[in-house]
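Colleague: Let me give you the structure first, and then I'll get to my questions.
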Amino acid sequence: MYYAVVDCDNCYVSCERVFRPELKGKPVVVLSNNDGCVVARSEEAKRLGIKAGTPYYQLEQRFPRNKIAVFSSNYELYGELTARVMSLIRKSAPSYFRYSIDECFVYFLDDDLPRLKQWGEDMHNSVLRQVGVPVSVGIGSTKTLAKVASHFAKHYKGYRHSCLIATPQQRTKALQLYPVDDVWGVGRRYGARLRELGVETAYDFASKSETWLRMYFNNKVLLRTWKELQCIDCVPNETWAKKQSICTSRSFATLITDINELRTNVANYTARCAEKLRRQHTVASVVAVFVQTGPFREDMPQHNGFAEVHLLTPTNSTTLLLKAANEALTRAFRRGCHYKKAGVIVMGITSDSAIQTNFVDFDAERFARLKRLDSVVDRVNKQYGSETLVIATQQYTRQGGQGKADVFANAMRHAYRSKNPTTRWADIIQLK
């Protein structure tokens with residue numbers, strides 16, 4: 001079996017360029033929530049020296065002579081365009097699994113290597129022509145080698161956006177050129193420790209013995225990664241099964257001291273978690289809320305509050321999850337503190353096809369009614385744009401029409417957000 005990784009190149013930037021073709025070849029950056037720092041960069045921006053995580057206010061100070069296109073994060077647009085990319089992959093692939101918003105794995109049972117290489121090139125051309133987003137394809141005998149191959153497909157034009165690692169010679173050459181901390185499953189912390197031990201490249205890591213690895217790390221994930229680099233397929237597909245916990249959190253534009261203002265934010269995050277649960281056909285049995293003060297405001301009281309509520313009957317109902325989240329927030333909140341961030345975590349996730357009910361408060365008729373309500377809300381929001389319909393307690397975060405400001409002062413800042421011509425009638429492109 002061979003695996004292919006199909007990855008959107010500089011995903012957020014590429015999505016912004018779909019409707020702004022004049023930005024091709026120019027430096028572009030996308031900012032994080034609340035327009036805080038840089039989270040995505042075009043290749044041109046990277047060449048200027050702009051690093052991921054650079055605070056936005058520093059851009060003009062550090063790059064005064066360069067005109068940089070700046071965008072606020074527009075997840076509605078990114079989700080819509082990447083969904084189109086995934087639909088094209090799904091039609092062409094024998095079997096696939098979506099790993100993230102901009103990346104998926106494809107499984108091939110045959111070993112016709114020239115055909116696999118050509119499939120990757122054709123996929124890039126097809127997606128670019130029909131969606132406008134460039135993708136790179138890496139192919140290997142294991143998922144980790146496919147991830148390595150995708151790096152070369154992305155950064156070396158000679159591969160024509162499709163790189164195949166098949167022979168021992170190709171594997172050795174690729175691993176010798178690949179930094180160890182960039183290997184999927186290693187990460188920054190283990191990468192730093194490996195470098196301290198003299199392991200600089202993926203090849204150095206793969207050349208170590210299993211005894212050495214167990215002596216210094218004794219970590220299952222690292223051991224599995226080490227085997228994958230040696231062409232031993234051992235990352236199970238169930239590793240990417242439905243999420244076992246879902247977290248939605250945001251930092252606020254200003255500090256919050258009022259619990260009622262916190263409730264609106266927490267309600268909004270809870271609704272997002274509920275949508276994600278329904279999207280993957282799961283339910284949750286635990287709802288947790290955390291609130292945090294600003295860690296750099298030493299002149300103010302510090303508090304990191306956390307509380308969780310266990311549900312007798314697992315659910316994905318926005319209404320029921322909101323009730324639990326409100327209870328958890330009441331317990332986590334401390335009067336007199338200035339909160340900078342809050343978040344909601346849903347845990348104890350199981351399939352919605354086998355819900356274990358209880359005899360204390362379970363009402364079949366109410367359960368069915370809430371399910372119909374959520375179904376209508378999801379359908380309307382999918383058709384007319386996210387947050388077209390919301391629960392009354394949610395913080396309403398959408399941008400008002402005709403340049404109106406957001407309803408709430410602590411709604412997320414997005415001063416440079418682009419339009420959504422594929423999901424909102426008000427933003428549809430007008431031709432002159």
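Colleague: How many percent of the accessible area of the chain is carbon or sulfur, using a 1.4 Å probe? If you can, show how the numbers build up before the last one.
Modeller: On the way: 11950 of 22930 Å².
Its accessible area is 52 percent carbon and sulfur atoms.
Colleague: If you don't mind, there's one more thing I want to ask. Relative contact order for the chain using alpha-carbon pairs under 8 Å, separation at least 6, rounded to a whole percent?
Modeller: Working: 746 pairs, mean separation 63.8, N = 432.
Normalised by residue count, the contact order of the chain is 15 percent.
Colleague: Give the residue list of trypsin sites (Lys or Arg not before Pro) in segment 86-195 that are DSSP loop and have at most 16 other beta-carbon atoms within 10 angstrom.
Modeller: Working: sites: Arg90, Lys91, Arg98, Arg115, Lys117, Arg129, Lys143, Lys147, Lys154, Lys157, Arg160, Arg171, Lys173, Arg188, Arg189, Arg193, Arg195; in loops: Arg160.
Answer in residue order: Arg160.
Colleague: Segment 265-297: which trypsin sites (Lys or Arg not before Pro) are DSSP loop and have at most 12 other beta-carbon atoms within 10 angstrom?
Modeller: Arg297
Colleague: GNM, the chain, Cα, under 10 Å: largest mean-square fluctuation among Tyr57, Tyr178, Tyr99?
Modeller: Maximum fluctuation in the GNM of the chain, among the listed residues, is at Tyr57.
Colleague: Return the calculated 222 nm mean residue ellipticity for the chain, to the nearest 500 deg cm²/dmol, obtained by summing -39500 (n - 2.57) across DSSP H runs with n ≥ 4 and dividing by the residue count.
Modeller: On the way: 14 runs with 168 residues, N = 432.
Using -39500 (n - 2.57) per qualifying helix, the result is -12000 deg cm²/dmol.
Colleague: How many times 2.2 N^0.38 Å is the alpha carbon radius of gyration of segment 39-159?
Modeller: Numbers: Rg = 17.1 Å, N = 121, 2.2 N^0.38 = 13.6 Å.
Taking N as the residue count of segment 39-159, the ratio is 1.25.
Colleague: Continuing with the same structure: Using a Förster radius of 35 Å, what is the FRET efficiency between Thr167 and Glu22 based on their Cβ-Cβ separation? Nearest 0.05, please.
Modeller: Details: r = 43 Å, r/R0 = 1.22.
The calculated FRET efficiency here is 0.25.
Colleague: Can you give me the relative contact order of segment 61-174 as a percent, contacts being Cα pairs under 8 Å and 6 or more apart? It would help to have the intermediate numbers written out before the result.
Modeller: Values: 120 pairs, mean separation 19.5, N = 114.
Relative contact order, segment 61-174: 17 percent.
Colleague: When you have a sec, figure out the Kirkwood radius of the chain from all distinct Cα pair distances and drop it here in Å to one decimal? Write out the running numbers ahead of the final one.
Modeller: Values: mean 1/r = 0.0413 Å⁻¹.
Kirkwood hydrodynamic radius for the chain: 24.2 Å.
Colleague: Asp258 to Thr388: FRET efficiency via 1/(1 + (r/R0)^6), r the Cβ-Cβ distance, R0 45 Å, to the nearest 0.05? List each step's numbers first, then the result.
Modeller: Details: r = 27 Å, r/R0 = 0.61.
In this case the efficiency is close to 0.95.
Colleague: Right, next: Can you name the helices of the chain, as whole DSSP H runs, whose Cα span along the helix axis is 18 Å or more and whose Kyte-Doolittle mean is not below -1.0? Display every interim value, and only then the final one.
Modeller: Values: long enough: 75-92 (26 Å, -0.08); 113-130 (26 Å, -1.10); 143-155 (19 Å, -0.26); 259-279 (30 Å, -0.85); 318-332 (20 Å, 0.33); 364-384 (30 Å, -0.90).
Result, helices passing both filters: 75-92, 143-155, 259-279, 318-332, 364-384.
Colleague: Oh, and also: Given a 1.4 angstrom probe, what's the average accessible area per residue across the chain, in square angstrom?
Modeller: 53
Colleague: Another question about this same structure. Starting from segment 274-322, pick out the GluC sites (Glu not before Pro) whose DSSP state is loop and whose Cβ has at most 10 other Cβ atoms within 10 Å. Before the final figure, lay out the partial values.
Modeller: Details: sites: Glu275, Glu298, Glu308; in loops: Glu298.
Passing sites in segment 274-322 are Glu298.
Colleague: Now, a different point. Largest first, what is the accessible-area ranking of Leu128, Leu145 with a 1.4 Å probe?
Modeller: The most accessible residue leads, giving Leu128, Leu145.
Colleague: Moving to a separate point now. Once the other residues with Cβ under 14 Å from the Cβ of Val6 are scored (Lys, Arg +1; Asp, Glu -1), what is the net sum? Walk me through the numbers before you get to the answer.
Modeller: On the way: positive: Arg84, Arg90, Lys91, Arg98, Lys117, Lys143, Lys147, Lys154; negative: Asp7, Asp9, Asp102, Glu103, Glu121, Asp122.
Once positives and negatives cancel, what remains is +2.
Colleague: Hey, which lysines would be in cross-link range of Lys51, C-alpha to C-alpha under 18 Å, not counting anything within fewer than 8 residues on its own chain?
Modeller: Cα-Cα hits under 18 Å: Lys26, Lys67.
Colleague: Further, regarding this structure: For Ile89, what is the net charge nearby, where nearby means another residue's Cβ is under 12 Å from its Cβ and Lys, Arg count +1, Asp, Glu -1? Could you put the intermediate results ahead of the total?
Modeller: Values: positive: Arg84, Arg90, Lys91, Arg98; negative: Asp7, Asp102, Glu103, Asp122.
Here the count lands on 0.
Colleague: Could you compute the net charge surrounding Gln118? Neighbours are other residues with a C-beta less than 15 Å from the C-beta of Gln118; K and R count +1, D and E count -1.
Modeller: Numbers: positive: Arg115, Lys117, Arg160; negative: Asp110, Asp111, Asp112, Glu121, Asp122.
With Lys, Arg at +1 and Asp, Glu at -1, the neighbours total -2.
Colleague: With a 1.4 Å probe and all protein chains kept in place, how much accessible area does Thr388 have, in Å² rounded to the nearest 10?
Modeller: In the full protein context, Thr388 sits at about 50 Å².
Colleague: Heavy-atom accessible area of Asp35 with all protein chains present, probe 1.4 Å, nearest 10 Å²?
Modeller: Probe radius 1.4 Å; accessible area of Asp35 about 20 Å².
Colleague: If the rule is a partner Cβ under 4.7 Å, which cysteines in the chain fail it?
Modeller: Within the chain, the cysteines lacking a partner Cβ under 4.7 Å are Cys15, Cys37, Cys104, Cys163, Cys231, Cys234, Cys247, Cys273, Cys337.
The values are calculated or read from the model by the stated rules, or taken from the named source; none is laboratory data. Please read these numbers as outputs of a predicted model, since none were measured by experiment. Because the Cβ atoms are built from the backbone with ideal geometry, glycine has one as well, and the counts that use them run over all protein chains shown. These accessible areas exclude ligands, DNA and RNA; they are computed on the full protein's heavy atoms, side chains included. Shrake-Rupley method; radii C 1.70, N 1.55, O 1.52, S 1.80 Å.
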